[in-house]
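Below you'll find the structure, written out as structure tokens, and then a few comments.
Read the figures in this text as sums done on the coordinates, not as results from a lab. The shown structure was predicted, so the numbers you read here are calculated from the model rather than taken from an experiment. Here the Cβ positions follow ideal geometry from the backbone for every residue, glycine too, while neighbour counts run over all protein chains shown.
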Amino acid sequence: MEAEAFTALCSSREERGAVVNLIGGADTTQPSAPAKVRYVACPVCKKIMNRSNFAHRSGVVIDTCKGHGVWLEAGELGRALAFIDSGGLEKLREEQAHDIAEAAARLEKLTNGVGSVRISIAGSGLNAADDTLVRRALEHLLF
């Protein structure tokens, strides 16, 4: 699946609903058995894809190729969509916003007397990728 299509699917409740109707919902009654770790090659460029835990906490490990998108194995799409619909992404964004606010407060304390540093993400339109980038920058400055 192309990265843009996967991002659009994750962002649109209507599209997720349509896909869930087509493929069926994730079976949440049975815990998924730990799968043997295996790296797969991109079907397009044949390079080994990177494995990552979707949204850093969903438990759904997806394979990604920077140039060609996301590879989802059986059941992974349904489980990723169920994670989104259960509020997983909103919780992640809230935690990231909290972490950024805490880091900004620490930075302000560190710069007290040197000048004022104000960082506000409220209403800024930052998305999860922006939040992560800002957080990493702050962590680099603070630690």
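A few comments on the model shown:
- Förster radius 30 Å - calculated FRET efficiency between residue 56 and residue 111 (Cβ-Cβ, nearest 0.05): 0.55
- Around residue 72: net Lys/Arg minus Asp/Glu count, Cβ-Cβ under 10 Å: -2
- Total formal charge among the other residues, if their Cβ is under 14 angstrom from that of residue 3, Lys/Arg +1 and Asp/Glu -1: -2
- Fully extended contour minus Cα-Cα distance, from residue 1 to residue 93, at 0.36 nm per residue: 30.7 nm
- Reach of residue 36 by Cα under 26 Å, taken over lysines that are not fewer than 8 positions away in the same chain: 46, 47, 66
- Scoring 100-109, 45-54 by mean Cβ neighbours within 10 Å over their residues and listing the highest first yields 100-109, 45-54.
- A cut-off under 12 angstrom between Cβ atoms defines the neighbours of residue 48, and their net charge, with Lys, Arg +1 and Asp, Glu -1, is +4.
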